[in-house]
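For reference, the structure discussed in these notes is given below.
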Amino acid sequence: MSNYFYDMLPADELARLQYIPTVGEFVEWIEKQYADSPALSDLTNTITYKEFCDRIARRRAFIESLGLPKGAHIAIFDRNSQDAIELFYAIMSAGYVAMVFPAGLPEMAVVGSCMKFDIQAIFVREEFMPLTQKLQGVKVLPAGSIAEEKAPVTKVDPDSPAAIFFTGGTTGSPKGAVLTHRAYMRGGYNAIFKPGKVIGVHRYIALLPLSHVFGSIAGLTGCFYTGNLMFTCEDMKATIGKLPVIKPTILVIVPGICDILSGLVKMYGPQFLGGQLRMIISGAANVPPRLVDIFSKLGVEFCFGYGLTETANLTSANADAVTHPTSIGKIYPGQEAKIVDGELWVKGDNLFSGYYKDPVRTAEALTEDGWLRTGDLCHFDEDGFLYITGRIKNLIILANGENVSPESLEEPFYADPCVRDAMVKEDDLNGSRVIAIEILPFMPAFDGKDFSEIQAYMNALVDKVNATLPSTHRIVKVTVRTEDFKRTGSMKVARV
């Protein structure tokens with residue numbers, strides 16, 4: 001393993017933490033390792049790891065009573081509740097394949113997803129029950145279902161499927177990425193690496209949806225792997241309002257939530273974060289340097305992460321945000337990485353096994369010899385730090401045939417503290433195709449300014465950036481937004 005990751009943890013803690021290849025073995029291990037430590041809390045009730053694993057075992061017994069064949073697909077349609085978290089581990093540790101549906105999924109999408117992914121049973125939160133009335137041939141069960149007795153872990157092959165996650169994938173349209181036990185648990189093991197002590201010293205919050213691989217692996221499993229306490233989150237807005245009570249020491253979030261928190265800190269002061277926040281693990285989108293600066297001044301360390309659903313979330317990490325603010329870090333151990341025609345390719349036991357029932361798109365993503373084409377344009381510096389310069393599918397083809405990465409043109413705008421978000425794209429101007437940009441201002445930076453002054457600032461910023469670019473790459477059309485961009489489920493700007 002790279003010393004970069006080894007050296008993050010104290011030697012005694014590193015020696016205690018081992019890579020475990022299946023979810024069932026993981027559940028058994030955390031019960032033995034952390035039995036009396038607090039594991040899960042809803043701010044009213046807190047259960048220990050022994051109680052948590054006992055409840056998972058009782059959930060397994062209920063699932064076994066359904067009479068489904070091993071390997072059957074079982075969905076969870078809930079918020080980030082204790083029920084959902086226990087069911088997630090129970091399904092996988094009982095030898096079935098788990099799939100978490102996003103809480104906002106509409107009725108016909110629920111029906112379509114159950115059909116597409118061959119769901120045989122679905123555990124549903126009471127408020128979502130009306131959305132399942134059109135399901136046929138699927139066992140619909142309350143999310144609170146649990147047996148009195150316990151069932152043991154089912155022993156499985158590490159290379160058998162553990163979970164299916166929704167993803168846009170490296171080829172664009174939504175699909176289901178199948179993660180084996182080995183891949184899922186490699187991602188969970190990678191999530192232990194953070195600077196300083198990690199065992200039993202942190203309080204997490206399940207802010208990101210469990211349907212998103214970042215929330216599931218970097219948040220949930222990373223927390224339990226290190227014997228820490230997780231607070232449930234059934235309502236993100238309400239939970240964020242409780243930060244002064246929860247007093248988190250670590251947050252696993254996306255930059256969009258970082259932005260929200262920075263605004264709340266400005267309104268209510270640093271005490272709004274609870275006074276004990278040490279670290280933010282951020283991924284799914286680039287983190288503007290202004291956010292690193294804001295939180296660094298509050299004594300909060302940033303760690304960037306990069307990964308794909310297809311790589312069990314965690315591909316690289318950067319614990320040096322101050323010295324390498326634009327890098328996505330170094331490649332995690334257990335992987336190979338190479339740059340092919342500017343594109344990052346990775347290989348290792350963290351890779352997904354394919355898109356469910358989609359051999360064509362699987363073949364587009366995976367080479368015959370096991371390399372994943374990430375779709376990200378990247379380069380390494382001389383110290384082994386990785387940098388993303390864009391996405392292949394987003395490339396703008398100029399009239400002269402040259403390719404331009406919109407992300408590379410956006411980077412200097414994100415470096416400006418007055419810019420919240422930006423999107424470069426092709427657009428029409430007087431009948432010609434030109435490079436355009438839409439800019440969302442960081443409004444706190446323009447307190448008391450009228451919109452014309454904001455526009456003038458952004459136009460001047462575009463001129464400044466254009467002065468550094470070849471004439472063929474310059475931005476011709478500028479739009480200053482007064483409303484937020486349309487965003488993806490992980491709060492990234494949606495490129496439409």
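The values are calculated or read from the model by the stated rules, or taken from the named source; none is laboratory data. No experiment lies behind these values; they were computed from the predicted model shown. Reconstructed Cβ throughout: ideal geometry from the backbone, glycine too, with neighbour counts over all protein chains shown. Note: areas computed on protein heavy atoms with side chains; ligands, DNA, RNA excluded. Shrake-Rupley method; radii C 1.70, N 1.55, O 1.52, S 1.80 Å.
Just to be sure, is A321 under 23 Å from Y4 (Cβ atoms), at pLDDT below 90 and surrounded by 21 or more Cβ atoms within 10 Å (Cβ to Cβ)? Let's see the steps before the verdict.
Details: under 23 Å from Y4 (Cβ atoms): yes; at pLDDT below 90: yes; surrounded by 21 or more Cβ atoms within 10 Å (Cβ to Cβ): yes.
The answer is yes for A321.
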The lone condition T367 fails out of (1) in contact (Cβ under 8 Å) with a residue 24 or more places away in the chain; (2) within 25 Å of G384 (Cβ to Cβ); (3) β-branched (V, I, T) is (1)
Among the residues in region 139-153, are any out of contact with any Pro (no Cβ under 9 Å at 6 or more places or on another chain), within 21 Å of L208 (Cα to Cα) and hydrophobic (A, V, I, L, M, F, W, C)?
yes
Output yes when any residue across region 330-338 is over 23 Å from I164 (Cβ atoms), modelled with pLDDT of 90 or more and more than 21 Å from the chain's Cα centre (by Cα), and no when none is.
yes
Just checking, how many residues over region 157-177 are surrounded by fewer than 21 Cβ atoms within 10 Å (Cβ to Cβ) and either at pLDDT 95 or above or β-branched (V, I, T) (or both)?
6
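Would you confirm, using the coordinates I've provided, whether V110 is within 30 Å of A238 (Cα to Cα), in a helix (DSSP H, G or I), open to solvent by less than 30 Å² (accessible area, probe 1.4 Å) and among the β-branched types (V, I, T)?
Details: within 30 Å of A238 (Cα to Cα): yes; in a helix (DSSP H, G or I): yes; open to solvent by less than 30 Å² (accessible area, probe 1.4 Å): yes; among the β-branched types (V, I, T): yes.
So V110 fits the description; yes.
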Over region 362-395, the set of residues surrounded by fewer than 18 Cβ atoms within 10 Å (Cβ to Cβ) and either assigned to a helix (DSSP H, G or I) or of a type in the set (V, I, T) (or both) is A363, E364, T367, T389, I392, K393, N394
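Taking the residues in region 436-455 that are farther than 23 Å from E407 by Cβ and in contact (Cβ under 8 Å) with a residue 24 or more places away in the chain as candidates, determine which candidate is surrounded by the fewest Cβ atoms within 10 Å (Cβ to Cβ).
At the first step, the residues of region 436-455 found to be farther than 23 Å from E407 by Cβ are 443-444, 446-455.
Retained after the next criterion (residues that are in contact (Cβ under 8 Å) with a residue 24 or more places away in the chain): 444, 446, 451, 454-455.
Values: P444: 13, F446: 14, F451: 11, I454: 18, Q455: 15.
Residue satisfying both the conditions and the ranking: F451.
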Taking the options F128, F62, name whichever one is touching a strand residue (DSSP E or B) at 6+ places or on another chain (Cβ under 6 Å), open to solvent by less than 60 Å² (accessible area, probe 1.4 Å) and either in contact (Cβ under 8 Å) with a residue 12 or more places away in the chain or not in a strand (DSSP E or B) (or both).
F128
Residue that is farthest from the chain's Cα centre (by Cα), among those in region 408-421 that are touching a residue at least 60 places away in the same chain (Cβ under 8 Å) and closer than 21 Å to G305 by Cα:
A415
If a residue must be surrounded by 16 or more Cβ atoms within 10 Å (Cβ to Cβ) and part of a loop (DSSP other than H, G, I, E, B), how many such residues does region 396-408 contain?
1
In region 134-156, what residues are touching a helix residue (DSSP H, G or I) at 6+ places or on another chain (Cβ under 8 Å), without any contact (Cβ under 8 Å) to a residue 60 or more places away in the chain and either open to solvent by 50 Å² or more (accessible area, probe 1.4 Å) or among the hydroxyl-bearing types (S, T, Y) (or both)?
K134, V140, P142
Taking the criterion of being free of Cβ contacts under 8 Å to residues at least 60 places away in the same chain, over 26 Å from L229 (Cβ atoms) and crowded, with 24+ Cβ neighbours inside 10 Å, would at least one residue in region 73-90 satisfy it?
yes
Could you go through region 334-348 and let me know if any residue there is open to solvent by less than 20 Å² (accessible area, probe 1.4 Å), in a strand (DSSP E or B) and not β-branched (V, I, T).
yes
Pick from S327, S262, S296: which is hydroxyl-bearing (S, T, Y), over 23 Å from V493 (Cβ atoms) and at pLDDT below 90?
S296
Expected output for region 211-227 (first residue at positive phi, partner in a loop (DSSP other than H, G, I, E, B) and of a type outside the set (K, R), Cβ below 7 Å, 6+ apart or cross-chain) is G227/S37; G227/I199; G227/G200
Taking the options K50, K70, name whichever one is modelled with pLDDT of 95 or more, under 27 Å from F128 (Cα atoms), of a type in the set (K, R) and surrounded by fewer than 17 Cβ atoms within 10 Å (Cβ to Cβ).
K70
